[in-house]
Amino acid sequence: TFRQLSHHMCSSGSMLHQASPQDLTQLLYAHARLGLPLPDRDAEQLHTAMQQAFGRFKPQDWSMAVYSLGLLQQRPSQPWFAAFTAASEPGLQQFTPQGLSNTIWGLA
């Protein structure tokens, strides 16, 4: 099932480490689309993997991640948000209007 596959990906450190930023944000978005919050431990693992991949994120990855978190009404830790802000801010000029508005909505 979806939950089993998601848990397998989140609990496998090597799989998360190999995942692209798009893989990570799509997993989060899938949960958001289905309205299924991640279990706490899986969310923590996914958020950590995303934070470690922030240096490889593109504008679409940033906006999809934060938009999905907004849909799920989940808030990562304050250090995650601080790292998100520091890593995404230099690339704000590359965001599309939709990507930026989705990011703003997700942060609201």
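Every number here is computed from the coordinates shown, using simple stated rules; none is lab data. Note that the coordinates shown come from a computational prediction; the quantities given were computed from them, not determined experimentally. Heads up, the Cβs are rebuilt from the backbone with ideal geometry, glycines too, and the neighbour counts pull from every protein chain shown.
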(message) Using only the alpha-carbon atoms, how far is helix 97-107 inclined from the longest principal axis of the chain? Give it as 0 to 90 degrees, nearest 10.
(response) 60 degrees
(request) For Ser101 paired with Glu44, estimate the spin-label separation in nm (one decimal), with each label point 7 Å from Cα along the Cα-to-Cβ line. (result) 3.8 nm
(request) Express the relative contact order of the chain as a whole percentage, based on alpha carbon pairs under 8 Å and six or more residues apart in sequence. (result) 30 percent
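Any chance you could run the full-extension gain for His8 through Leu34? It's 0.36 nm times the residue separation minus the Cα-Cα distance, nm to one decimal. Each step should come with its number before you reach the end.
On the way: separation 26, 0.36 × 26 = 9.36 nm, distance 1.76 nm.
Full-extension gain reported as 7.6 nm.
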(request) Multiply the residue gap between Ala82 and Thr1 by 0.36 nm, knock off their C-alpha separation, and tell me the result in nm, one decimal place. (result) 25.8 nm
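Would you mind estimating how fast the chain diffuses translationally, via Stokes-Einstein at 25 °C and 0.890 mPa s with the Kirkwood radius over Cα pairs, in µm²/s?
Values: Rh = 13.7 Å.
It comes out at roughly 179 µm²/s.
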